[in-house]
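Some notes on the structure that comes next.
The values are calculated or read from the model by the stated rules, or taken from the named source; none is laboratory data. These numbers were taken from a predicted model, which means no experiment stands behind them. Positions of Cβ are backbone-derived with ideal geometry, glycine not excepted, and every protein chain shown enters the neighbour counts. These area figures cover heavy atoms from the full protein model, side chains too; ligands, DNA and RNA do not enter into them. Shrake-Rupley method; radii C 1.70, N 1.55, O 1.52, S 1.80 Å.
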Amino acid sequence: MKLASRIMWYVSTRGIAPRVNFEGALFSGYAPDGGLFMPEELPQLDRETLCRWSTLSYPDLVKELCALFIGSELIPKDDLNGTSGDTGSAAIESVKGAKNVDIIVLLPKGHCTKIQELQMTTVLKENVHVFGVEGNSDELDEPIKTVFADVAFVKKHNLMSLNSINWSRVLVQMAHHFLAYFQCTPSLDTHPLPLVEVVVPTGAAGNLAAGYIAQKIGLPIRLVVAVNRNDIIHRTVQQGDFSLSKAVKSTLASAMDIQLGLGEVPYNMERVFWLLSGSDSQVTRALMEQFERTQSVNLPKELHSKLSEVVTSESVSDEAITQTMGRCWDENQYLLCPHSAVAVNYHYQQMDRQQPSSTPRCCLAPASAAKFPEAVLAAGLTPETPAEIVALEHKETRCTLMQRGDNWTLMLRDTIEDLSRRWRGHALNASQ
């Protein structure tokens, strides 16, 4: 593959905001028109490139992918080093103690495991600010979305988002699909290239969007999306029913408990709809604006047909999660986290239905079981807790509570304003 050195432009899925370069997409949350940024054009990978990439380590694979979508005029390839993991703790780990960055993390109090919470609240660096919100993941997204909708405020305070609203998160997640493909493919000498089925456990659909983009640029994968009982994506794939459920369902796979509460959605489906519609921002905007008004959309028949052609889906109960965790341990002595078990359950279902396939299948595992001891115990298994996790129990914690009844948006804005004033004070002292 030969690509001329040129700027990679990014456009909003809703088509009204002006296009930006990678830096503009990186230092943004939502686009100013409420959409999500996507590359204006997708590069195409040939067999030669895939063969060359097949021997790379994971970090080098990330670098190659990032270089495709960033451009060396902004960040030289040698300077690219990415991290991925549980969003809050991974983001904190990447910037804690940094001189020129402050990070604000909102965690849903009581809706993540104790270990996940401790990973965030025990980091006492001056530039790390953790808030415990008395609400679920969707409710705490509301003040974030409101703040990022204020374009002038975002520019004034140099704000950026680190969840999969941000294109850079989806970009790095694409590497998971490439790595899975190369590990499951014995040879790239066949014509056409062999197909691999990738099962993606998902909540906000970031990893699903990443997989679909990887497919669009030339990776021969077939996608299966696996969700827990919060099944908006499953219903969308199966029936074209993109609507919020009325019932709140708290599950063992807590990071996938999306669509609870205040109208938040698996927002990366907007990227998927945009791609399926042939980058039609008018169709995407109408679809998403209707959803925001009514919390319910029936996909147009053609769009639903395209979606069901490229994605298979499955919804998994808590009982199936614990059974899968137990079976995987019995058969492989491998301890699955509950989110990984959602994906592996699909694999077991295919095996039990005696539907053998010559296509290799890979299940993405998004987290370590060590973070979910409650789910491990529910499966009748013994948690394996690394020493560094045990040590968290004895560390000092720091967390500011956002209580129900508080104005969370105002608290977030005030925190950002206070940090900016502190920065301006530091800059003034440094110049004197």
Top-ranked residue of the stretch 98-143 - restricted to ones that are touching a helix residue (DSSP H, G or I) at 6+ places or on another chain (Cβ under 7 Å) and assigned to a helix (DSSP H, G or I), ranked as farthest from Thr87 (Cα to Cα): Pro143
Residue match in the stretch 289-298 (condition: in a helix (DSSP H, G or I) and surrounded by 23 or more Cβ atoms within 10 Å (Cβ to Cβ)): no
His304 open to solvent by less than 30 Å² (accessible area, probe 1.4 Å) and under 24 Å from Val272 (Cα atoms): no
Test: Tyr267 is part of a loop (DSSP other than H, G, I, E, B), open to solvent by 50 Å² or more (accessible area, probe 1.4 Å) and within 29 Å of Gln116 (Cβ to Cβ): no
Which listed residue is in a helix (DSSP H, G or I), among the β-branched types (Val, Ile, Thr) and under 15 Å from Phe22 (Cα atoms), from Val147, Val154, Val170: Val170
Per-region count, the stretch 18-40, residues in contact with a Ser or Thr (Cβ under 7 Å, 6 or more places away or on another chain) and over 24 Å from Pro266 (Cβ atoms): 0
Residue in the stretch 363-375 that is in contact with a helix residue (DSSP H, G or I) (Cβ under 6 Å, 6 or more places away or on another chain), open to solvent by less than 30 Å² (accessible area, probe 1.4 Å) and farther than 23 Å from Gly88 by Cα present: no
Top-ranked residue of the stretch 321-339 - restricted to ones that are part of a helix (DSSP H, G or I) and touching a helix residue (DSSP H, G or I) at 6+ places or on another chain (Cβ under 7 Å), ranked as surrounded by the fewest Cβ atoms within 10 Å (Cβ to Cβ): Arg327
Yes/no for Val342 being touching a strand residue (DSSP E or B) at 6+ places or on another chain (Cβ under 8 Å), open to solvent by less than 20 Å² (accessible area, probe 1.4 Å), β-branched (Val, Ile, Thr) and within 30 Å of Thr146 (Cβ to Cβ): no
Leu56 assigned to a loop (DSSP other than H, G, I, E, B) and over 30 Å from Pro192 (Cβ atoms): no
Candidate set from the stretch 183-225 (those that are over 16 Å from the mean Cα position of the chain (by Cα) and in a helix (DSSP H, G or I)); member that is nearest to Ser57 (Cα to Cα): Gln183
Residue in the stretch 385-397 that is closer than 30 Å to Phe153 by Cβ, open to solvent by 20 Å² or more (accessible area, probe 1.4 Å), in a loop (DSSP other than H, G, I, E, B) and in contact with a Ser or Thr (Cβ under 6 Å, 6 or more places away or on another chain) present: yes
